[in-house]
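The block underneath contains the structure these notes are about, expressed in structure tokens.
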Amino acid sequence: MLEVSKLIQGEKRTAAKIITLIENNGVGKQELLSEIYPHTGGAHVIGVTGSPGAGKSSLTDVLIKMARAENRKVGVIAVDPTSPISGGALLGDRIRMQEHALDQNVFIRSMGTRGSLGGLARATRDVVKVLDAYGCEVIIIETVGVGQSELDIMHHADTTLVVLTPGTGDHIQTIKAGIMEIANIFVINKADLGNTKKMITDIEQMLDMSPRYTGCWRPPVVPTSVVNDTGLDELWALVKRHLEHTRQSGEMLESVRKRLGTEVVELAEEELRRMLWEQFGNNGNMGTLLDKLARREADPYKEASRLVLRFLHQNQNERGIENDTGQTG
Ligand SMILES: Nc1nc2c(ncn2[C@@H]2O[C@H](COP(=O)(O)OP(=O)(O)OP(=O)(O)O)[C@@H](O)[C@H]2O)c(=O)[nH]1
Ligand SMILES: [Mg+2]
């Protein structure tokens with residue numbers, strides 16, 4: 001059994017083992033996460049997304065350095081929904097991260113679809129908790145591309161950076177609406193390569209038109225160049241200011257609560273689905289039922305209701321209704 005106490009004490013090997021178990025959907029995963037949960041909540045989770053090649057990994061590298069300069073422990077999850085590989089190399093190699101690999105206070109992990117039996121976003125969410133309990137004060141999630149799974153993953157970040165570049169076809173109109181909406185900070189990277197003014201104006205105009213930014217955090221737009229080392233200190237300051245703002249305004253608590261509510265229902269859905277399949281499979285007459293359905297002598301709609309009723313009935317009889325849900329008082 002993997003020891004959560006060793007994770008809390010900051011044992012790197014234990015953290016790695018637990019993450020592997022989560023990725024493989026191993027036995028005891030749920031219990032382990034349940035034990036880990038009380039030790040989480042201390043990390044600032046920073047999401048980095050945006051167009052391919054915009055400099056997400058380079059900026060991640062910068063953020064690691066900034067956090068380390070403040071002596072903070074850092075975790076990095078590099079997520080690539082297009083890659084089947086996980087558990088180590090991959091993106092971690094692409095990022096110039098070898099130097100960090102020797103740092104005891106930097107933990108880097110790549111995840112591909114292999115670690116996604118329950119969905120890559122879900123696996124990422126679980127890994128964030130492990131790194132949080134492991135003592136990472138800053139956790140950076142870098143994703144490749146701007147698809148739906150990236151959006152799902154970014155919902156688990158407290159502060160999301162959307163990285164764009166000037167003059168390389170990154171026109172605001174062509175960028176998926178969802179991506180623009182999840183941004184807490186817009187980063188126009190590679191400012192050394194082109195004029196950022198047009199892009200900044202476009203984004204500001206878009207923000208002006210959206211009523212959702214009045215009276216709350218309006219995403220700042222910051223031009224950066226990793227090559228020339230410009231805008232990077234400003235970026236780091238903005239990341240910290242966003243955290244401060246969301247904590248003080250109560251937005252943080254609100255989004256954490258929302259996230260946790262979703263998590264409870266998603267976990268329950270998963271369990272119910274498994275139990276329903278079990279119930280369906282345990283039907284001794286299943287072969288006959290399937291034949292009947294195929295011959296149009298039964299219909300899937302009534303059978304679905306029947307399955308639910310049978311399931312509820314049986315579980316009520318077998319388990320009784322547990323009442324220790326903490327909802328009293
Ligand atoms: N000129 C210039 N090049 C940069 C800058 N930042 C990153 N690059 C270069 O752009 C290329 C892509 O950078 P990455 O950091 O790998 O970009 P990415 O967004 O992580 O790329 P993917 O993960 O493949 O989508 C590399 O060759 C970097 O050296 C910058 O500010 N200016
Ligand atoms: Mg990258």
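The values are calculated or read from the model by the stated rules, or taken from the named source; none is laboratory data. Keep in mind it's a predicted model, so treat the numbers as computed, not measured. We place every Cβ from the backbone using ideal geometry, glycine too, and count neighbours over all the protein chains shown.
Tabulated data for the structure shown
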| item | result |
| --- | --- |
| Candidate set: the range 128-151, residues that are within 16 Å of ligand 1 (Cβ to nearest atom) and in a strand (DSSP E or B); chosen: the one modelled with the lowest pLDDT | T143 |
| Pairs where the first residue, in the range 55-67, is touching a residue at least 40 places away in the same chain (Cβ under 8 Å) and the second is among the hydroxyl-bearing types (S, T, Y) and more than 7 Å from ligand 1 (Cβ to nearest atom), C-beta under 9 Å, 6+ apart | G55/T165; K56/T49; K56/T143 |
| Matching option when the condition is surrounded by 17 or more Cβ atoms within 10 Å (Cβ to Cβ), away from ligand 2 (no atom under 12 Å from the Cβ) and at pLDDT 85 or above, among R68, R109 | R109 |
| Test set (1) more than 25 Å from the chain's Cα centre (by Cα); (2) under 18 Å from I140 (Cβ atoms) - R241 fails condition number | (1) |
| Pair list, Cβ under 9 Å, 6 or more apart: the range 224-236 residue without any contact (Cβ under 8 Å) to a residue 40 or more places away in the chain, other residue within 16 Å of ligand 2 (Cβ to nearest atom) and in a helix (DSSP H, G or I) | V227/S58; D229/V62 |
| Extreme residue, modelled with the lowest pLDDT, among residues of the range 18-65 that are part of a strand (DSSP E or B) and either over 20 Å from the mean Cα position of the chain (by Cα) or β-branched (V, I, T) (or both) | T49 |
| Qualifying residue in the range 28-47 (condition: surrounded by fewer than 17 Cβ atoms within 10 Å (Cβ to Cβ) and within 16 Å of ligand 2 (Cβ to nearest atom)) | no |
| The one condition in (1) closer than 30 Å to R122 by Cα; (2) surrounded by 10 or more Cβ atoms within 10 Å (Cβ to Cβ) that L290 fails to fulfil | (1) |
